[in-house]
Structure formats: C-alpha cells, structure tokens
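The values are calculated or read from the model by the stated rules, or taken from the named source; none is laboratory data. This is a predicted model, so every value here is computed, not measured. Cβ placement follows ideal geometry from the backbone for every residue including glycine, while neighbour counts extend to all protein chains displayed.
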Amino acid sequence: MKLFIGMLGTETNTCSPIPTGWNVWNGTLLHRRSDAEESAPALFQGLKAVVNETMNQRGWEVEFGLFAFAQPAGLTPRSVYEQLRDELLTDLRDSSNVDAVLLILHGAMVAEGYDDCEGDLIERIREQVGPDVPVGAELDLHCHVIQKMVENANALVGYKEYPHVDVLPRMLELFAILADAAEGKVNPVTSFFRCRMIGMIHTTREPMRGFVNELSALEGKNGVLNAWVGHGFPYGDVPDMGATMVVVTDGIPVQGVELAEKLGRRLFAMRQDICSSPLTLDECLNQAEQAAEGPVTIADTADNAGGGAPGDSTFFLSEMINRGIDNSAIAVFYDPVAVSLCQDAGLNTQIKLRIGGKMGPSSGPPVDVLATVIGLANEVTDNMGEIIMSYGASAAIKIHLGGEVSLLPESGIDVILTENRAQCYSPKAFSQLGVDPQLKKILVVKSTQHFHAGFAPISKQILYAGDLGALSGDMLKIPYERVDTTGLWPFSDDPFAS
Ligand SMILES: [Zn+2]
C-alpha cells in the first residue's frame, strides 16, 4: 500500500500588510519533490524521518510531494498560491497507484481570490483521485472549518493543544485512520458544529484542559475515531471564521453531528472561562516590577509573528527603557538590518543602533539605543514541540540604560535580534545567544502561547499583554468587514438565543 503526503500551509492574517510571497515561503519551508535530499531543510527532514519510520512499521510505502509552509503574514498572492497548489497536484498525479492521501495544511490560508485555499485544494485532489481513495488533512486548531473541506475529505484531524506540542502525534493518528480506511477496516466521515464564538483559548488552563482530555477519551469508542476543537483564527476576516467542534466517526455521520453539537454547546457554555483576556502592557510591567522573584515572563501577544504580526514592535522596549528596567530581556525582534550591523561591528563592540519599528504603524516608532553586541550566530534554530524552526542569523545586544555602560548579566536590557520573522518559541532563543533567561527578573517574549511550553518551567509567573500592536487581544476591536459578527460571541451575548 502507498501513501502520498504533501504540505501546503500558512495562517493568513487578512489585515497584515506583509504579503505572503515567495520570500516568505522560501524563508520558512519550501522543499520540492525534485529537490536533492541533501538540501532538505531540517523541518522537512525531521517530519520525513517520523513518517518513514511509521510507514515501515505498518508495511506501507510513502511518496513525498511538495512541502511548503510560510510564516504567517497577509494574503498569499494569487499566482503564488496557484503555482504551489498546481505543483502539489502534479506531484500527486506523478505518484502512481496511491492508496491514501495525507495533506498537512493549516486551515486558515487565504490567497487573493481564494477565501478557502484548503477547500479549493482538497476539492481538486478529490477530483483527481476519485471517490474511493481516502483523503485526509491535518489542520492547525486555528483554522476555519469550511463545508467544502468536510465534503471532499474523509477525515480532518486538528491539533488539540495550544501551544501546538502535538503536531506529530495528530499526523500519525490521521495516517492510522487513512490506512485503516484504505485497508477496508473503517469508513471515516467528518462531522462538525459551529460553536458561534471566537476567542484565544489556552489548553494549558482549566476548564479547557479537562475538556481536551475528555475529547481524547472519547476516541476509539462508540464509532468515534477523532474529536477536536477548531478554535478559529480571529485575525482571518473570512465569512466562516469562528470556533468549530469536529468529530470524525466510523461511518455514522448523523451521530457525529449530534455529538459535535453536544460537545460544541458545552464549549460555548464555557466561553467566559476559557477565552483569555490579556492585560495591558502597563499592567504587566507594573505586576512584573513588583514581583518578589523572577523570572516573570510577559507574552507580547499583540506582536506575535506566528499570528501574522510584524515581530518588530517597540512598545515594550520603549516603556522598559522609560522605566529603566534592567535585568530584563526581550526575544525575538525581527530586524535583519540591525543583525547585519551587529555582525559588522563584531562581538563585544559598543554600537549605536536603531531597532524595530520598521514594518508599519502597528510596530510603533523605531528606538535608538546605545548597546554592546554580546552574542552572534549565523544560523539559529528553535523548537516548537518537536518541530524545528529557524531564526536565521541572530544577534544579542545589551542595551545600556541611562548612559551607564556595564556588561554585568543583571545590567541593562538584553534583546535578541533575528534575520527571520518568527515568534519566540522557547528559552533557547535567549540561551543560544549567550543570554541566560533564568537569571533575568523580567522576560518579554513576542508570542501568544507557543512560548508557554518552554517558559512555564523556568518562570515564577506568566503574564499576557495584548493591547498595543498588530494583534489586539480584544476581539471586539478587530476591524471585521466580512465576518457576520451578529452571529458570534462576544459580539452577541448569546447568538444561539435568536
Ligand atoms: Zn495555531
């Protein structure tokens, strides 16, 4: 038996001014079927090793198609999407006698002229392979679940965890469902229920933690193959945006819909308790400064590159300089120009540097600092769970406050600058550049929640800020034009009532 596997994904922030063009795809992951094995990026190699091992254990062959993923940004240009899509379709056509198709997608990809890239892709794949070959897609839980995807795929399996520490296990579960289907053991069918709500939901906190555990416990019994919550992606202004409960059953779609509705209404009932409301920047800094012990980790959620934000906003940095907060550190600042200047200045060199604030009004103004280059590296990677991500060339600088030049670890503000636009995934973002995050009183990380897996174990306290920057933590402030907000909490108190 033979599996075809391919990847085409990004999370589109429809308000972001950054086009998801070829530079973004090339800079994140773009590995073609014809590319030499030696040139494969670490992210692809890691996935390939896991897939090959699993296939071998089950006695399946595997054909790899295009693997393309882009760091979240704005719309993908039409020609770029169509070229990537058609390349993946050609790869599949060139792979003879495929028994199942597994797609690693995102679920919130929007291109010019395509609100639902995943639905378009899955529909074309279904046309190509016919009705009998099982087709499944793995989705990020920040996806828009759309009818066309459900109609054309046998199984949609999403991540359960935010932070996304379960990308690989979910992919392997989907493979097992597709392989069982191809071998005639199950008949997977996907059902869903729209929960008429939107919010940022952390699965690390109760009551969501318990709810996710319950979903896992339902699987493998009573014809339920998989159950998960599509949280929705609030920064994607498309008509079907919102949370969705998804259930994959073994050929019992009516019961699947009933179960999805029952679970989806329970999720809705928990909405006040599971959707996070971030603090303001000032509230976070006030609390962190008053904390008896550090590190206090503050998530700058409004500048999370993983949600399509610029990654170079200066609101925290400016206020920390104003307040003279030393013994602190920030990661990661997208500023390839500043990285290049630090490289040319060299390690341990004092430098006047202008950092951040380059990408647009949501980045705030640039900040001029006197700093010393304290760390340099040509290629820095980090981990999101088992997935390897690249920051590219990176530099650490120590900003000297109040004209006082000191290189003691507790002095000044240490800032990690990167060549690639990325969020801060783990404490390695600091430590690989020679900054020990555990010694700091305050850490600011540009991330919404992925940072949590790595930073929770080293932090005395974690705070979330979401008022200044591209991604407002207050859903009511997102300038929707195409989402019908009258049918969605928190815009409507109870959209099920009407
Ligand atoms: Zn996500």
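Descriptive notes on the structure:
- For region 245-268, the tally of residues that are surrounded by fewer than 17 Cβ atoms within 10 Å (Cβ to Cβ) and among the charged types (D, E, K, R) stands at 4.
- Just one of the listed residues (39, 16) is farther than 16 Å from residue 85 by Cα, among the polar types (S, T, N, Q) and surrounded by 18 or more Cβ atoms within 10 Å (Cβ to Cβ), namely 16.
- No other residue among 444, 483 is at negative phi and crowded, with 24+ Cβ neighbours inside 10 Å apart from 444.
- Within region 45-67, residues that are closer than 15 Å to residue 179 by Cβ have Cβ atoms under 6 Å from residues that are among the aromatic types (Phe, Trp, Tyr) and surrounded by 15 or more Cβ atoms within 10 Å (Cβ to Cβ) in these pairs: 63/4, counting only partners at least 6 apart in sequence or on another chain.
- Subset of region 139-174 that is within 20 Å of residue 49 (Cα to Cα), hydrophobic (A, V, I, L, M, F, W, C) and surrounded by fewer than 24 Cβ atoms within 10 Å (Cβ to Cβ) - its residue that is farthest from the ligand (Cβ to nearest atom): 172
- Taken over region 99-116, the criterion of being more than 16 Å from the ligand (Cβ to nearest atom) and either over 13 Å from residue 153 (Cα atoms) or of a type in the set (Lys, Arg) (or both) is satisfied by 99, 111, 112, 113, 114, 115, 116.
- Some residue of region 75-91 being in contact with a His (Cβ under 7 Å, 6 or more places away or on another chain), closer than 19 Å to residue 14 by Cβ and among the small types (Gly, Ala, Ser): no
- Residue in region 248-256 that is out of contact with any strand residue (DSSP E or B) (no Cβ under 8 Å at 6 or more places or on another chain), among the hydrophobic types (A, V, I, L, M, F, W, C) and either assigned to a loop (DSSP other than H, G, I, E, B) or not assigned by TED's automatic domain parsing to the domain that holds residue 209 (or both) present: no
- Restricting region 326-351 to residues that are in contact with an Asp or Glu (Cβ under 7 Å, 6 or more places away or on another chain) and farther than 19 Å from residue 390 by Cα, the residue that is surrounded by the most Cβ atoms within 10 Å (Cβ to Cβ) is 329.
- Identity of the residue in region 318-339, without any contact (Cβ under 8 Å) to a residue 60 or more places away in the chain and of a type outside the set (D, E, K, R), that ends up farthest from residue 434 (Cα to Cα): 322
- Set side by side, the residues 236, 242, 199 differ, and just one is crowded, with 24+ Cβ neighbours inside 10 Å, within 14 Å of the ligand (Cβ to nearest atom) and of a type outside the set (Asp, Glu), which is 236.
- Entirely in region 1-96, the helices (runs of 4 or more DSSP H) that have 2 or more residues that are modelled with pLDDT under 90 and either within 16 Å of the ligand (Cβ to nearest atom) or hydrophobic (A, V, I, L, M, F, W, C) (or both): 42-58
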